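Below is one structure; the comments refer to it alone.
The values are calculated or read from the model by the stated rules, or taken from the named source; none is laboratory data. Everything numeric in this text was worked out from a predicted model, so none of it was measured. Reconstructed Cβ throughout: ideal geometry from the backbone, glycine too, with neighbour counts over all protein chains shown.
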Amino acid sequence: MQKQKDQMLRMEDSMEYNNSKIYTFTDLYVWQESHKLVLMIYTVTKKFPKEEIFGITSQMRRSAVSITSNIAEGFARRSKKEKLQFYTIARGSLIELESQLLVVRDILYIQTKEFEEVYRQIEISHRLLNAFINKTNDL
């Protein structure tokens, strides 16, 4: 429980635009946590059958990279409307990745422990991204 509170405090800190040290998208806590997810997906998908390289492996990797890419793209945009558009696309990619993770769990391409770790990171990224979108919308 304390770990979640600490994460939320760091998330709130990362969203302070006026008094913060945010210079690039990599300074955003939401991007950092989503980047961890990307790395986890690459690690997990390395173990998938080779015949899946152009199937679920590629789909999961593209979905994961799309999350951080769209956060970065939104960060670079000037208008709130454009920012929200890219952050919302990132959220869609996150949901897509969650669905794909459930598929690989059900077809036994991933161990239960790995599934739980990745799913936990998806939940963290999802909470952070939702809060980031809400905060951006309030600007």
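Put simply, of F115, F132 the only residue that is surrounded by fewer than 19 Cβ atoms within 10 Å (Cβ to Cβ) and in a helix (DSSP H, G or I) is F115.
Are any of the residues in segment 89-112 acidic (D, E), surrounded by fewer than 12 Cβ atoms within 10 Å (Cβ to Cβ) and more than 14 Å from the chain's Cα centre (by Cα)? Checked segment 89-112: at least one residue is acidic (D, E), surrounded by fewer than 12 Cβ atoms within 10 Å (Cβ to Cβ) and more than 14 Å from the chain's Cα centre (by Cα).
Mind listing just one residue for me: the one in segment 1-48 that is of a type in the set (D, E, K, R) and modelled with pLDDT under 85 and, of those, farthest from E98 (Cα to Cα)? Filtering first and then ranking leaves E16. Per this entry, S79 is not counted among residues that are under 17 Å from L28 (Cβ atoms) and out of contact with any Phe, Trp or Tyr (no Cβ under 7 Å at 6 or more places or on another chain). Residues that are farther than 24 Å from R127 by Cα and either crowded, with 17+ Cβ neighbours inside 10 Å or modelled with pLDDT under 95 (or both) within segment 49-64 comprise I56, T57, listed in sequence order.
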